[in-house]
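Before any comments, here is the structure.
All of the numbers you see were taken from the coordinates with simple rules; none came from a lab. Please read all numbers here as calculations on a predicted model, not as lab measurements. Cβ atoms come from the backbone with ideal geometry, glycine included; neighbour counts cover every protein chain shown.
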Amino acid sequence: MDWVNILFWAFSAIAVVSAASVISVRNPVYAVLCLILTFFSIACVWVLIGAEFLGVTLVLVYVGAVMVLFLFVVMMLDIDTSRLREGWVKYLPWGIIFAALMLFEMVSLIGVKSRTATPLPADNAAALAADTSNLTWLARSLFTEYLMPFEFAAVILTVAVIAAVMLTLRKRTGIKTQNASEQTRVKAGDRLRIVKMAAVKPVTPAPTDAGNTPEANS
């Protein structure tokens with residue numbers, strides 16, 4: 001078994017274990033770390049089989065953007081975030097472990113790619129047969145042969161975004177919201193009320209003589 005197959009099984013095992021951890025851990029911070037490791041491991045698998053563009057896109061889009069949105073969703077949920085922010089040092093060992101795994105994947109992937117001067121057996125055979133780059137072959141195939149599935153995927157993602165927005169904007173008790181139409185129809189009399197009050201002079205109590213008190217006379 002060559003290094004390509006060894007790294008493929010290693011990256012796949014890490015991706016499967018981290019993906020299972022995303023739905024098994026109870027702490028949302030650990031779930032985010034496991035999901036980042038899952039995306040990064042799958043990106044390494046794609047780079048290993050010759051799909052460099054998809055691997056880089058996965059890291060830039062999902063790890064760099066989608067995970068930020070995921071953190072915003074976690075902050076919007078009814079989670080006690082104050083307890084999560086306490087003792088951030090306890091998350092440091094897990095962060096170091098995930099960073100070490102990602103560093104191992106990068107170093108091993110770069111090592112295999114640099115040692116192999118000829119195209120890897122796992123590289124895209126269709127792109128090699130067409131004598132073109134991987135990105136050119138992907139663009140041609142995506143916008144010619146697989147145009148309809150690509151459009152269907154775009155529609156499904158659009159519907160998912162609209163559904164997520166509608167679920168977020170549903171009426172819930174205890175949530176402060178703004179009504180733009182009511183704000184534009186408001187009048188000055190609704191915002192300001194003048195109250196007329198009579199001026200009352202405060203009454204200053206007269207000082208009492210300590211010597212004239214009943215206790216003093218007795």
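Sort 188-195, 6-13, 34-41 by the packing proxy (mean of other Cβ within 10 Å over each peptide's residues), most packed first. Show your work: numbers first, answer last.
Working: 188-195: 6.5, 6-13: 15.5, 34-41: 21.6.
Ranked from most to least packed, the peptides come out as 34-41, 6-13, 188-195.
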- Quick note on VAL25, VAL68, ordering by fewest other C-beta atoms within 10 Å, gives VAL68, VAL25
- Message: Assuming 0.36 nm per residue, please report the length gained on full extension of the stretch LEU101 to VAL200 beyond their Cα-Cα distance.
- Response: 28.0 nm
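For ASP190 and ALA160, calculate 0.36 nm times their separation in residues minus their Cα-Cα distance, and state this gained length in nm to one decimal. It would help to have the intermediate numbers written out before the result.
Working: separation 30, 0.36 × 30 = 10.80 nm, distance 4.04 nm.
Length gained between ASP190 and ALA160: 6.8 nm.
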- Query: What FRET efficiency would be calculated for the residue pair VAL73, THR136, taking the C-beta separation as r and a Förster radius of 45 Å, to the nearest 0.05?
  - Reply: 0.75
- Message: Quick check: Cα centre of region 174-206 to Cα centre of region 1-46, how many Å?
- Response: 59
